[in-house]
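Undergrad: Shown below is the structure under consideration.
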Amino acid sequence: MPSKKFIIFGASGDLAKKRLYPALFELFIKDIKFDEYVGYGRSRFNQKQFGELAKNALAQKGCVGQEDFLARFKYFSGGYDKEGIKNLKSELAPEDKIIFYLSIPTSYELVNDILTGLDVNNLINKKTQIVLEKPFGSDFVSANKLNRLLLQYFNERQIYRIDHYLAKDLVRDLLTLRFGNSIFEPLWNNKYIEGIAIKIEEAVCIENRGEFYDQTGAVRDILQNHALQLLALTAMDQPKELSAELIRQEKQKIFKKLRLFKKRGIENIKIGQYCGYCDKEHIKKDSLTETFAELTAEINSPRWKGVPITLLTGKKLKEQSTDIIVKFRFPQSHPWKKQTDCLQNNELCFNIQPKNHIELKLNFGFDAQKKCATPINLKFGFQDNRFMFKDAYENALNDLQKEDQSIFLSSEEILLSWKFIDPIINLMDKNRTKLLKIY
Ligand code: BG6
């Protein structure tokens with residue numbers, strides 16, 4: 001009888017501990033189970049030590065009653081090569097339905113070693129699924145190379161390139177809000193919208209990820225993937241149906257038309273580094289890596305041309321908040337013409353986290369004394385109203401086991417997003433000393 005198995009490469013890493021184990025556990029208690037979970041990594045743990053590591057990781061996330069779940073966990077240590085991976089052979093039968101989750105940086109060399117190891121040990125079959133984390137490659141060329149490598153072993157239906165922002169509850173609902181209500185689409189264009197801002201602000205620092213972060217920076221870590229994906233969902237045209245293929249096609253059309261605002265080059269780029277960054281472990285003392293980045297972009301289509309789009313992210317900022325803000329233009333005509341400041345722009349704000357709300361800013365009762373309208377906010381908080389508010393990784397892993405690719409990324413959209421980002425990084429690289437502000 002073939003079994004369902006979930007194999008994690010990078011099993012003692014931060015991502016596995018903080019995100020994957022808690023999400024797998026939440027699914028487990030909802031009866032979405034694998035027959036076996038196998039952790040694989042270079043760290044030399046015995047079963048008991050690994051059990052402790054997984055138990056602590058779950059306890060830190062407040063997961064209780066983990067014994068049955070942990071009883072299905074095994075750990076194998078070894079290198080990411082054919083010799084090490086041979087160890088997995090004893091656990092996996094050729095007919096098993098296996099998910100390989102690469103919870104490691106997706107460098108070509110590492111992925112190549114693992115895939116070769118899996119292949120020579122006959123651990124890949126037509127039912128195998130493989131998951132890769134972002135950033136997928138570090139530019140167009142490397143992403144393309146990585147794609148070609150994957151396609152030597154898998155077909156596109158087996159490859160899951162994850163961007164967990166697409167699995168966040170409120171992000172999943174963005175398309176329902178936009179296309180399930182007739183009040184937004186007629187206004188969703190440059191005639192009525194003055195600007196769009198996608199902000200992924202983090203109060204946290206780079207934590208223990210110095211090695212990864214110093215080679216990556218804020219643009220590659222967040223803007224190239226999470227922020228561009230949020231933008232695509234905000235700006236794309238309505239697909240005929242919400243299938244993975246059609247959603248991906250619409251997102252691609254946005255990426256194809258994306259450019260820096262009015263082609264003004266470097267004026268549209270701001271970068272910064274938080275004070276104390278260079279003192280962190282694994283960071284070069286004179287590092288010029290950005291921990292903050294803000295780009296002003298534009299979609300060169302009849303619908304969006306001329307609308308500035310701010311894409312912003314940073315570590316160690318005042319707020320920990322992810323927002324999509326759509327700012328509308330003033331009414332073209334209104335009865336208070338003489339007072340220019342009597343109205344405020346309408347805004348539709350989605351707080352993806354931590355407040356999980358939608359807010360619509362309107363002008364209401366006119367205050368005769370102040371000679372202006374009173375701004376009011378219509379707000380709906382999902383956190384308080386929704387029966388189940390799920391973690392992004394839980395959503396993503398659930399879709400993965402259902403083989404639903406809608407929230408996973410296609411190779412084309414990743415390549416197109418690098419096509420937009422690569423020249424920006426080149427510009428940044430040429431001007432880093434001048435551009436980089438310490439904050
Ligand atoms: C990851 C980035 O993709 O997303 C991290 O690599 C970032 O740098 C994290 O902290 C943010 O995710 P979330 O779900 O906590 O907003």
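Undergrad: For Ser182, work out the one condition from (1) within 16 Å of the ligand (Cβ to nearest atom); (2) at negative phi it doesn't fulfil.
TA: (1)
Undergrad: Which condition does Met236 not pass, out of (1) open to solvent by less than 10 Å² (accessible area, probe 1.4 Å); (2) in contact (Cβ under 8 Å) with a residue 60 or more places away in the chain, if it passes all the others?
TA: Just one mismatch for Met236, condition (2).
Undergrad: Regarding the stretch 177-186, can at least one residue be identified that is in contact with a strand residue (DSSP E or B) (Cβ under 9 Å, 6 or more places away or on another chain) and either open to solvent by 50 Å² or more (accessible area, probe 1.4 Å) or closer than 26 Å to Phe34 by Cβ (or both)?
TA: The answer is no, given that none of the residues of the stretch 177-186 is in contact with a strand residue (DSSP E or B) (Cβ under 9 Å, 6 or more places away or on another chain) and either open to solvent by 50 Å² or more (accessible area, probe 1.4 Å) or closer than 26 Å to Phe34 by Cβ (or both).
Undergrad: Taking the stretch 402-439, which residues are more than 23 Å from Leu231 (Cβ to Cβ) and of a type in the set (Phe, Trp, Tyr)?
TA: Tyr439
Undergrad: Can you name the number of the only condition in (1) surrounded by 20 or more Cβ atoms within 10 Å (Cβ to Cβ); (2) in contact with a helix residue (DSSP H, G or I) (Cβ under 7 Å, 6 or more places away or on another chain); (3) of a type outside the set (Phe, Trp, Tyr) that Leu88 fails?
TA: (2)
Undergrad: Does Glu294 count as closer than 30 Å to Arg172 by Cβ, acidic (Asp, Glu) and open to solvent by less than 10 Å² (accessible area, probe 1.4 Å)? Working first, answer last.
TA: Details: closer than 30 Å to Arg172 by Cβ: yes; acidic (Asp, Glu): yes; open to solvent by less than 10 Å² (accessible area, probe 1.4 Å): no.
No: the conditions fail for Glu294.
Undergrad: Mind checking which residues of the stretch 324-372 are among the hydrophobic types (A, V, I, L, M, F, W, C), surrounded by fewer than 17 Cβ atoms within 10 Å (Cβ to Cβ) and under 26 Å from the mean Cα position of the chain (by Cα)?
TA: Leu360 - this is the single residue of the stretch 324-372 that is among the hydrophobic types (A, V, I, L, M, F, W, C), surrounded by fewer than 17 Cβ atoms within 10 Å (Cβ to Cβ) and under 26 Å from the mean Cα position of the chain (by Cα).
Undergrad: In addition: Residues in the stretch 107-130: is at least one closer than 30 Å to Gln383 by Cα, open to solvent by 50 Å² or more (accessible area, probe 1.4 Å) and assigned to a helix (DSSP H, G or I)?
TA: In the first step, residues of the stretch 107-130 are kept if they are closer than 30 Å to Gln383 by Cα; the result is none.
Checked the stretch 107-130: no residue is closer than 30 Å to Gln383 by Cα, open to solvent by 50 Å² or more (accessible area, probe 1.4 Å) and assigned to a helix (DSSP H, G or I).
Undergrad: Moving on to the next point. Going by the structure shown, is Leu228 in contact with a helix residue (DSSP H, G or I) (Cβ under 9 Å, 6 or more places away or on another chain), away from the ligand (no atom under 12 Å from the Cβ) and touching a residue at least 40 places away in the same chain (Cβ under 8 Å)?
TA: So Leu228 fits the description; yes.
Undergrad: Next question. If only one of Phe328, Phe292 is aromatic (Phe, Trp, Tyr) and out of contact with any Gly (no Cβ under 8 Å at 6 or more places or on another chain), which one is it? Lay out the reasoning, then the answer.
TA: Working: Phe292 fails: out of contact with any Gly (no Cβ under 8 Å at 6 or more places or on another chain).
Residue meeting the stated conditions: Phe328.
Undergrad: Could you list, in sequence order, the residues of the stretch 243-290 that are open to solvent by 50 Å² or more (accessible area, probe 1.4 Å), over 30 Å from Glu412 (Cβ atoms) and touching a helix residue (DSSP H, G or I) at 6+ places or on another chain (Cβ under 8 Å)?
TA: Lys280, Glu281, His282, Lys284, Lys285, Asp286, Leu288
Undergrad: All but one of (1) without any contact (Cβ under 8 Å) to a residue 12 or more places away in the chain; (2) open to solvent by less than 10 Å² (accessible area, probe 1.4 Å) hold for Leu20; which doesn't?
TA: (1)
Undergrad: If you don't mind, there's one more thing I want to ask. Return yes or no: is Arg172 open to solvent by 10 Å² or more (accessible area, probe 1.4 Å), among the basic types (Lys, Arg), in contact (Cβ under 8 Å) with a residue 60 or more places away in the chain and within 16 Å of the ligand (Cβ to nearest atom)?
TA: Judged against the criteria, Arg172 is a match.
Undergrad: Quickly run through the stretch 46-75 and pick out the residues that are open to solvent by 40 Å² or more (accessible area, probe 1.4 Å), modelled with pLDDT of 90 or more and more than 27 Å from the chain's Cα centre (by Cα).
TA: Residues satisfying the conditions are Asn46, Gln47, Lys48, Gln49, Glu52, Asp68, Ala71, Arg72, Lys74.
Undergrad: Name the residue that is farthest from His226 (Cα to Cα), counting only residues in the stretch 128-149 that are more than 16 Å from the ligand (Cβ to nearest atom) and free of Cβ contacts under 8 Å to residues at least 60 places away in the same chain.
TA: Thr128
Undergrad: Out of the stretch 80-106, which residues are under 28 Å from the mean Cα position of the chain (by Cα) and assigned to a loop (DSSP other than H, G, I, E, B)? Lay out the reasoning, then the answer.
TA: We begin by selecting, within the stretch 80-106, every residue under 28 Å from the mean Cα position of the chain (by Cα); these are 80, 97-106.
Tyr80, Ser103, Ile104, Pro105, Thr106 - these are the residues of the stretch 80-106 that are under 28 Å from the mean Cα position of the chain (by Cα) and assigned to a loop (DSSP other than H, G, I, E, B).
The values are calculated or read from the model by the stated rules, or taken from the named source; none is laboratory data. Owing to the predicted nature of the structure, the values given are computational and were not obtained by experimental measurement. All Cβ positions, glycine included, derive from the backbone under ideal geometry; neighbour counts span all protein chains shown. Heads up: the accessible areas ignore ligands, DNA and RNA and are worked out on the full protein's heavy atoms, side chains in. Shrake-Rupley method; radii C 1.70, N 1.55, O 1.52, S 1.80 Å.
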